[in-house]
Amino acid sequence: MHNFLPFAYFQNQFVEFQNANISIATHALHYGTGAFGGLRGIPDPSNPNQILLFRLDRHCQRLSNSARFLQFDISAAKIQSVIVDFIQKNSPKTSFYIRPFVYTSDLGIAPRLHKIEKDFFVYGLELGDYLSPDGVSCRISSWYRQEDRSFPLRGKISGAYITSSLAKTEAVEAGFDEAILMNSQGKVCEASGMNIFVVRNSQIITPGFDQDILEGITRDSVIKIARDLGFEVIERPVDKTELLIADEVFLSGTAAKVTPVKQIENYQLPQDKPITNKLRDKLTAITENRDPAYQDWVFKVEI
Ligand SMILES: Cc1ncc(COP(=O)(O)O)c(C=O)c1O
């Protein structure tokens, strides 16, 4: 069981988390017609009265865009202001994760998006490492990522996570930590809730936006950091066999941060991961507001 932050934003007001409850007839529960964000907050290591949020503007914009697929008009500015109030109301003391969510809140029975009530809530929970920072083993999933022509993959739509759930459970029940999903073209796509990077001959390679990936904010940050450090980053289709003989593979995501991959199926990857480590250390320094060059990626909330 998680430690939830004491207050949630629900039906336009702050209520105690345990009182933020919905009906079993809620439309989104049946049809997966929700969309969510997920961002981390940490107390500023050099100022306990300040909370740091990584790339808050990008997270709010992505959720606002996701909401458009649900025909829900909510601005990034509105989402941001609720999140700031949420943090001030909760005054978290440890690392936490915020889950803002938009969904069809009506009790109607027909799957649809028009003429149906929608709502926006926010809750949070304490969160440390999501995956082992020492590295994970991955199974190539028998489940394939959805295609953009049948699913709005640029949104973080709740219904999409049946595929992530199937893949994750399949991997874990087979003794692995994480799943790597291919896309419908049989190319490498992403993990259950992370984007993927491959390092070969000092080049950093990651599937591009045309590969049915989620437009990850950590992915975007890693690409920028790597280029600023002088690495060549190539966005292109990636074959499964490239993963198996890579010098390094790592996963990127808000929950997973930068997590090294140490094994894929029965292939052990090299233990030395100099580029992964360099990028991870840089990202950590940025999120902890220790890197002045990336100050504008860190949003500060006084508590
Ligand atoms: C399916 C999927 N891919 C990738 C990511 C990584 O995205 P981000 O870096 O924005 O957290 C996530 C996590 O949000 C995800 O759920």
Q: With θ set to phi - 60°, apply the Karplus curve 6.51 cos²θ - 1.76 cosθ + 1.60 along region 186-192 and write out the HN-Hα couplings as whole Hz, x wherever there is a Gly or Pro.
A: x, 9, 4, 10, 6, 9, 5
Q) How far apart, in nm, are two points set 7 Å out from the Cα along the Cα-to-Cβ line at THR169 and at LEU229? A) 3.7
Q | Of all DSSP beta bridges in the chain, antiparallel share, percent nearest 5 | A | 85
**Q.** Residues whose placed amide H lies under 5 Å from that of ILE180, excluding near-sequence neighbours
**A.** ARG139, ILE140, SER141
Q) Could the peptides 12-24, 210-222, 267-279 be put in order, highest first, of the mean number of other beta-carbon atoms found within 10 Å of their residues? A) 210-222, 267-279, 12-24
Q: Towards the positive end of the charge dipole of region 7-126, with charges on Cβ (+1 Lys, Arg; -1 Asp, Glu), say which of SER75, ILE24, ASN12 has the farthest Cα.
A: SER75
Q) Arranged by the count of other C-beta atoms within 10 angstrom, fewest first, what order do ASP57, ASP281 take? A) ASP281, ASP57
Q: Return one number: the angle in degrees, 0 to 90 and rounded to the nearest 10, between the long axis of the Cα atoms of helix 76-90 and the longest principal axis of the Cα atoms of the chain.
A: 80
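Which order, highest average first, do 132-141, 148-157 follow once you tally other Cβ atoms within 10 Å for each residue and take the mean per peptide?
Descending packing order for the listed peptides: 132-141, 148-157.
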(Q) I'd like the orientation of helix 274-287 relative to the chain: the angle between its Cα long axis and the longest Cα principal axis, in ° from 0 to 90, rounded to 10. (A) 30
Q: Could you sort 235-243, 80-88 so that the peptide with the highest average Cβ count within 10 Å comes first and the rest follow in order?
A: 80-88, 235-243
**Q.** Electrostatic dipole magnitude of the chain [Cβ: Lys, Arg +1; Asp, Glu -1; Cα centre; debye, to 20]
**A.** 420
**Q.** Among ASN195, PHE120, PHE176 - extreme Cα towards positive end, dipole of the chain, charges at beta-carbon
**A.** PHE120
**Q.** Amide H partners (placed H, <5 Å) of GLN50, local residues excluded
**A.** ASP44, ILE303
Q | Value of Rg to Rh for region 7-126 (Rh from inverse mean 1/r over Cα pairs, i.e. Kirkwood) | A | 1.00
**Q.** For THR26, THR206, order by how many other beta-carbon atoms lie within 10 Å, fewest first
**A.** THR26, THR206
Q. For region 3-45, rounded, prolate or oblate, judged on the Cα gyration tensor with a ≥ b ≥ c (square roots of eigenvalues), a/c < 1.5 rounded, else prolate if a/b > b/c?
A. oblate
**Q.** Beta bridges per DSSP with both ends in region 136-287, % antiparallel, nearest 5
**A.** 65
Q) Could you list, bin by bin from short to long, the percent of Cα-Cα pairs of the chain in 20 Å steps? A) 32, 59, 9
Q) So who's got an amide H within less than 5 Å of the one on VAL249, skipping anything under 5 residues away but keeping other chains? H placed 1.01 Å off N, in plane. A) VAL199, VAL261
Q: Would you work out the charge dipole size for region 229-303 about its Cα centre, treating the Cβ of every Lys and Arg as +1 and the Cβ of every Asp and Glu as -1, and quote it to the nearest 20 debye?
A: 180
Q) In µm²/s, what is D for region 146-225 at 10 °C and 1.306 mPa s, where D = kT/(6 pi eta Rh) by Stokes-Einstein and Rh is the Kirkwood radius from Cα pairs? A) 118
Q.
Tell me the mean residue ellipticity at 222 nm calculated for the chain from its helices only (DSSP H runs of n ≥ 4, each -39500 (n - 2.57), averaged over every residue, nearest 500).
A. -8000 deg cm²/dmol
Q. Using a Förster distance of 30 Å, how high is the FRET efficiency between ASP239 and ASP57, based on the Cβ-Cβ distance and rounded to 0.05?
A. 0.30
Q) So how far apart, in nm, are the two label points at HIS114 and GLU126 if each is 7 Å from Cα heading toward Cβ? A) 4.8
Q.
Normalised by the empirical 2.2 N^0.38 Å for globular proteins, what value does the Cα Rg of region 191-303 take?
A. 1.08
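Read-outs throughout are calculated quantities, based only on the coordinates presented, and are distinct from any laboratory measurement. Since the structure is predicted, the reported quantities are computational estimates derived from the model, not experimental observations. No Cβ is skipped: glycine too gets one built from the backbone with ideal geometry, and neighbour counts run over all protein chains shown.
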